Amino acid sequence: MGNCIVPYCDGPKSTNVRWTLPAVCFVWQCAMVILFGCFVRYNDEVDAHWPEFKIEKNITSDAENDFYFRYPSFQDVHVMIFVGFGFLMTFMKRYSFGAVGFNFLVAAFGIQWALLMQGWFHHIDSEDGMIKIGVENIINADFCVASCLIAYGALLGKVSPVQLMVMTLFGVTLFAVEEYIILNLIHAKDAGGSMVIHTFGAYFGLSISWVLYRPNLKDSSKLNGSVYHSDVFAMIGTLFLWMFWPSFNSAICQHGDGQHRAAINTYLSLAATVLTTFAISSLLEKNGKLDMVHIQNSTLAGGVAVGTAAEFMLSPYGALIVGFFCGVISTLGYIYLSPFLERKLKIQDSCGVHNLHAMPGVIGGIVGAISAAGATESVYGLQGLKDTFDFTGDFKNRTPAAQGGFQAAAMCVSICFGIGGGIFVGLILRMPLWGDPTDDKCFDDVIYWEVPDEEEPVEADLHYNNHTVANNHVEVTETRFTVGQQ
Amino acid sequence: MGNCIVPYCDGPKSTNVRWTLPAVCFVWQCAMVILFGCFVRYNDEVDAHWPEFKIEKNITSDAENDFYFRYPSFQDVHVMIFVGFGFLMTFMKRYSFGAVGFNFLVAAFGIQWALLMQGWFHHIDSEDGMIKIGVENIINADFCVASCLIAYGALLGKVSPVQLMVMTLFGVTLFAVEEYIILNLIHAKDAGGSMVIHTFGAYFGLSISWVLYRPNLKDSSKLNGSVYHSDVFAMIGTLFLWMFWPSFNSAICQHGDGQHRAAINTYLSLAATVLTTFAISSLLEKNGKLDMVHIQNSTLAGGVAVGTAAEFMLSPYGALIVGFFCGVISTLGYIYLSPFLERKLKIQDSCGVHNLHAMPGVIGGIVGAISAAGATESVYGLQGLKDTFDFTGDFKNRTPAAQGGFQAAAMCVSICFGIGGGIFVGLILRMPLWGDPTDDKCFDDVIYWEVPDEEEPVEADLHYNNHTVANNHVEVTETRFTVGQQ
Amino acid sequence: MGNCIVPYCDGPKSTNVRWTLPAVCFVWQCAMVILFGCFVRYNDEVDAHWPEFKIEKNITSDAENDFYFRYPSFQDVHVMIFVGFGFLMTFMKRYSFGAVGFNFLVAAFGIQWALLMQGWFHHIDSEDGMIKIGVENIINADFCVASCLIAYGALLGKVSPVQLMVMTLFGVTLFAVEEYIILNLIHAKDAGGSMVIHTFGAYFGLSISWVLYRPNLKDSSKLNGSVYHSDVFAMIGTLFLWMFWPSFNSAICQHGDGQHRAAINTYLSLAATVLTTFAISSLLEKNGKLDMVHIQNSTLAGGVAVGTAAEFMLSPYGALIVGFFCGVISTLGYIYLSPFLERKLKIQDSCGVHNLHAMPGVIGGIVGAISAAGATESVYGLQGLKDTFDFTGDFKNRTPAAQGGFQAAAMCVSICFGIGGGIFVGLILRMPLWGDPTDDKCFDDVIYWEVPDEEEPVEADLHYNNHTVANNHVEVTETRFTVGQQ
């Protein structure tokens, strides 16, 4: 492993996380309680003083509470994070518990830490120094966690839950800084997070995977693949991600036309991606047969790529074009690029996040930059241009052309944070104390989970009694009980 | 095959879709991009000029944007189309990839084509000749696609993806014309699409199935059935359809009481259907055991049948009565009518769409006609009557009695379009160039999909080493690997 | 069985429900139609007279219709009831049909009966004596049914569908009375139903299970457990419950800040629960391996426990603390308390509802009492205090301290109703006419369902032909077909 920096521990490793996992979970959850106690309060629309606030702000209807503008989208995003990402990764034959379970753990920790980190950067109340949270914050926390779950996709089956918790701790922190630089300092727009979430998350995970390169991973190759029903489980994840992506990209857009436009653009882009994914998959696989890996993943690329520009006046055919090319590029990536990355660059990408998040994310950033640079008052209207790009305050004199440049700069920031942060966190995760599996024990739930005994031979007793089976046969039968089960 | 019109090609058929499927996907997606570029734009509530539009129309709150009235329902409908229909069809032991995958492909194409076709008929802007789209259009596109997915239910496992794409191209076109005649010319009401969607879609699919009759389908009978876990997967589809049906029937109703009433009526009707389905299934199956086919399908019949009248003042007990009878009729259909249709009428209906969509759809049309004819001003109020039946413009003098007659006429139109269109499309699909499977290869994913190798015998090596197994035994064991897996 | 009161029928029992199940379903559904016809009508926001009502009440926007405040939450609750509860119980290797199917049946009946029972107690129109229903009623009906589904969790696999219907009939009735006493007479607050739904439902089910104690249940122990994929199915239930719990607890809160606050509190509490559940599970299971039973169930305890206080100014860290302890207590319950309850108290709790609903429910009641007693005007504001605790009408002079006492009293009422009602219903269910399985036939779908034949040996013919297998081997192979399948 040429890229090794800290010395690698070659001794027999323990995968027992009996002390480390409970310790991490308990200590960090206690820290969350204390930090929330010191820093987090409800915002004005959540607080019981809302009736007074309404009078003060001259709000006539409860329907104006931000809850009603954002909560349905929030719930869709929430489903994407927990069921979407969780089940998408259940495709492996013996890593479904780890996929959906560790996804659950990591996300539940990440959303709390994200509320704090994003709060410190974005939502400090100037009066009392407290973080004031409401529905928009919990959407943003889910978004932040998405980047860590994308990174998990690159590492699936090769890391311990403790490593995932450590990765999430740093990942959320890096995300909050990167987001602050991109959205507040550079003042780029990124409604669906093509750059902030997907590009960052994917390069973060890929860099970690590069540092944690496992030269003998082929020893686990028997478990590194799907069985029939695990592919069907994964489609649950795919479809919930695909269906709710319009909510993801529109969830924190401005009220009214902004949310409306982001949802429509995403709907169209995703539809186009499906067709081109099927086309490439059938064209390039042997005998024209479709590959479930492509259908499960590449069909989502259009949602990633339209993220930054979702709120812009991309126009319906613009959204279709973005989706069209992303389906092609993402599927080609699975066929040609992933094997190349593993062989030449030593990047082992379990779920192919480079094809699903990194490339489409970069495309999304570029589409965002171009469409921002090309924005005109005739297309947006005077007020619409201001609202869409938030040309107010310090940025009131920024032109669309300048905005395009800043969007491109933001793209670079997200890549740098992803790669740099990933290498840093990867080195931490290489320390031989996190309980990760050896190369021949990857992709196996049995390391970290009580896996149920295989199905009891329900009517076997009967059969044993019916036939006087010879000793040899019993042996064969026993082999079957161990083996011939899903 | 007595009903054969064009000569049937008896030569060895190829099921390789390596060229046809990519060609169809690419060319049609390119056509979508071009047509959207020429014809489709955002409507006023999606466009960035919304702030100016608000001032012009004296709209005070962003909450009045149609997005907030319809988007939550849209997402529910979206789940029904992709997860509901997709997973409902996964019940077959070896056609889950095809069920959920081709459903995905067909729907993603169909929604784009539907936006165009429905746009040309309903949403042309008189000023610039463009189709203006918003959230209501994407709901309608999902509705339109539903009719093609219902048709797919009759054909499941017997057609190639290329045939499905061709069927969808024509199906959406026919739907748009039929919908225009029923909703605009006849001015019938059909909020939940009992007639427009379900009756049309079911007869469309059944007619295609009739034309494509496979006399030797019994050669595939080994795969034409469920296994334990595939029935559980199918319940995911059933439940998401069942739960979100109130959103389906209310999604495009008028704001306020219309949407509210449609949701309540559908909720009640579906609840009643469940009880009568369980009753009939237990009563007529041997030993009083329940049949999963009925529970998966007939429980949904009440949602279909209450579609047309969902927005009407059906009253809560009226909704229950509709659901009551539909559960009975649909379950009886599965037990007695489906075998009859296959044996006598040569209609092979893979999912039983005649019982789930055709009969309940017709019942729904009749219920709609009767309840429209019986509408009175005392029940609806003067304004309510006008709003509910849209007695404005050219139709301002229509009476409820006349409306009842027109509703019945609409019913006939949908049946005629379904049967006529189905025969026409069926004849096209019989051309021997679409790559459909032979009679003995139906219901098998292996034709169009890379099906994963069965689970590797994980611990088998160990056992091979432990026992010195005789040659014969190895053969037996090998047999098992091929066979004894799900 | 020492606690036996009515004589137990020891003769051979029939599990054939061919007459009883259809009879119960038909007769009760007919009764529902008649009772709805006599008593149930639309309320003002559902009725077609809404345009006149709007003018009368000076409502300017359709967005003020309660439908738009509550419908998205309703759909989330609906998913929890049918997919959440249904799939959570699919964890058993051979009881998935019964889990998801009987859950479906019971809930579909229960919501109708609940609309009537809750209507008679809460929603009688004083003018015409009719029950007037709208979206809030169908949410409440779903809530009511939840308590019966919780009770089903204690009985899973050990009762017949007829017994479940009888249990639901009485359970809903008891619920409506208990709810009336707690919410109307005692005037306690219980937004998420920690007391009214969870505590009542859990003790109701546990008491029934106690009365129906099966001394020889170990005869069914082969089927009382999970297999790999059934645990993955159960995670679908877990995650949809977990994700949508914020909607459950906020669905019927007051518009505006009330709903907003309940959602945020629940979101936070649930996140904390996940971490402590993982911690305890890993700490106390052998070798630090995680147990799926805990992850599937205990992660939800925080949602139960924050139910009563969800609408209160619990503050974000308060919600985290509640979730923290519930994860710990619930997981400890699974490890230590459940075996004790079965061994010493003769309570067989199939799904561990004591750990998931009873204990967290009681904690929720206590948290509610304490946080109500500690409420101050400075924290809530004058109007906020009135709105949150509904200190109006007869209760306008109640103090927060008094409210705390009444909350505690409500807690006791729910426990008493649960235990007392459960014993009563349990005795009814012991009558030997309901078709329940014998002790050695529990947890098996084959009793009440047509279970599909195991997968056909697709390519077996081929192999039989290839090898001239000796007679003995064929026997072994046959054994496999019966046995070695999931």
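Has the stretch A:31-46 got any residue that is of a type in the set (Asp, Glu), without any contact (Cβ under 8 Å) to a residue 40 or more places away in the chain and at the interface with another protein chain (Cβ under 7 Å from one of its Cβ atoms)? The answer is no; no qualifying residue exists.
All conditions in (1) crowded, with 24+ Cβ neighbours inside 10 Å; (2) under 26 Å from C:PRO72 (Cβ atoms) hold for B:LYS93, with the sole exception of (2).
A quick yes/no check of all residues on (1) in contact with a Lys or Arg (Cβ under 9 Å, 6 or more places away or on another chain); (2) more than 14 Å from chain A (Cβ to nearest Cβ); (3) in a helix (DSSP H, G or I):
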| residue | (1), (2), (3) |
| --- | --- |
| C:LEU164 | no, yes, yes |
| C:GLU178 | no, yes, yes |
| C:HIS187 | yes, yes, no |
| C:ALA191 | no, no, no |
| C:ILE197 | no, yes, yes |
| C:ASN224 | yes, no, no |
| C:SER230 | yes, no, yes |
| C:ALA234 | no, no, yes |
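Selection of helices (runs of 4 or more DSSP H) fully inside the stretch C:359-449 by the criterion of at least 3 residues being touching a residue at least 12 places away in the same chain (Cβ under 8 Å) and surrounded by fewer than 22 Cβ atoms within 10 Å (Cβ to Cβ) returns C:359-373, C:400-429.
Looking at the stretch A:81-127 only, could you name the residues that are among the small types (Gly, Ala, Ser) and in contact with a strand residue (DSSP E or B) (Cβ under 8 Å, 6 or more places away or on another chain)? Correct list: A:GLY98, A:GLY101, A:GLY119.
Residues of the stretch B:360-388 that are within 8 Å of chain C (Cβ to nearest Cβ) and acidic (Asp, Glu): B:ASP387 alone. Taken over the stretch B:47-79, the criterion of being touching a residue at least 24 places away in the same chain (Cβ under 8 Å) and small (Gly, Ala, Ser) is satisfied by B:SER73 alone.
No other residue among A:ALA251, A:ALA301, A:ALA271 is crowded, with 24+ Cβ neighbours inside 10 Å and within 15 Å of A:VAL367 (Cα to Cα) apart from A:ALA301. For the stretch A:303-334, residues that are assigned to a helix (DSSP H, G or I) and either farther than 16 Å from A:VAL353 by Cβ or not assigned by TED's automatic domain parsing to the domain that holds A:ASN265 (or both) total 12.
Of the residues in the stretch B:57-64, at least one is closer than 18 Å to A:SER247 by Cβ and within 9 Å of chain A (Cβ to nearest Cβ).
Taking the numbered list (1) assigned to a helix (DSSP H, G or I); (2) more than 7 Å from every other protein chain (Cβ to nearest Cβ) in turn, C:GLN112 passes all entries but (2).
Does the stretch B:281-294 include one or more residues that are in contact with a Cys (Cβ under 7 Å, 6 or more places away or on another chain) and farther than 20 Å from C:VAL24 by Cα? No, the stretch B:281-294 has no match at all.
Screening A:SER282, A:SER330 for residues that are facing chain B (nearest Cβ under 10 Å) and touching a Pro at 6+ places or on another chain (Cβ under 8 Å) leaves exactly one candidate, A:SER282. Scan the stretch A:304-326 and tell me whether some residue there is among the aliphatic types (A, V, I, L, M), free of Cβ contacts under 8 Å to residues at least 40 places away in the same chain and within 11 Å of chain B (Cβ to nearest Cβ). No - not one qualifying residue is present in the stretch A:304-326.
Checked against (1) closer than 24 Å to B:GLY303 by Cβ; (2) surrounded by 23 or more Cβ atoms within 10 Å (Cβ to Cβ); (3) not hydrophobic (A, V, I, L, M, F, W, C), B:PRO161 passes all but a single condition, namely (1).
Is it the case, given these coordinates, that C:LYS218 is at pLDDT below 95, part of a helix (DSSP H, G or I) and either surrounded by 24 or more Cβ atoms within 10 Å (Cβ to Cβ) or more than 16 Å from the chain's Cα centre (by Cα) (or both)? Taking the combined requirement at face value, the residue satisfies it. If the condition is being within 17 Å of the chain's Cα centre (by Cα) and under 22 Å from C:PRO161 (Cβ atoms), then the stretch B:294-330 contributes B:GLN296, B:ASN297, B:SER298, B:THR299, B:LEU300, B:ALA301, B:GLY302, B:SER330. Is one or more of the residues making up the stretch B:67-79 facing chain A (nearest Cβ under 8 Å) and in contact with a strand residue (DSSP E or B) (Cβ under 8 Å, 6 or more places away or on another chain)? No, the stretch B:67-79 contains no residue that is facing chain A (nearest Cβ under 8 Å) and in contact with a strand residue (DSSP E or B) (Cβ under 8 Å, 6 or more places away or on another chain). When you check C:GLN259 against the structure, is it more than 30 Å from C:SER221 (Cβ to Cβ), within 9 Å of chain A (Cβ to nearest Cβ), in contact with a Ser or Thr (Cβ under 9 Å, 6 or more places away or on another chain) and surrounded by fewer than 24 Cβ atoms within 10 Å (Cβ to Cβ), yes or no? No: the conditions fail for C:GLN259.
Within the bounds of the stretch A:268-276, is there any residue that is hydrophobic (A, V, I, L, M, F, W, C) and more than 7 Å from chain B (Cβ to nearest Cβ)? Among the residues of the stretch A:268-276, at least one is hydrophobic (A, V, I, L, M, F, W, C) and more than 7 Å from chain B (Cβ to nearest Cβ), which makes the answer yes. Note on the stretch C:45-96: enclosed helices (runs of 4 or more DSSP H) holding 2 or more residues that are under 29 Å from B:ALA309 (Cα atoms) are C:50-57, C:66-79.
The values are calculated or read from the model by the stated rules, or taken from the named source; none is laboratory data. All values reported here derive from a predicted model rather than from experimental measurement. Heads up, the Cβs are rebuilt from the backbone with ideal geometry, glycines too, and the neighbour counts pull from every protein chain shown.
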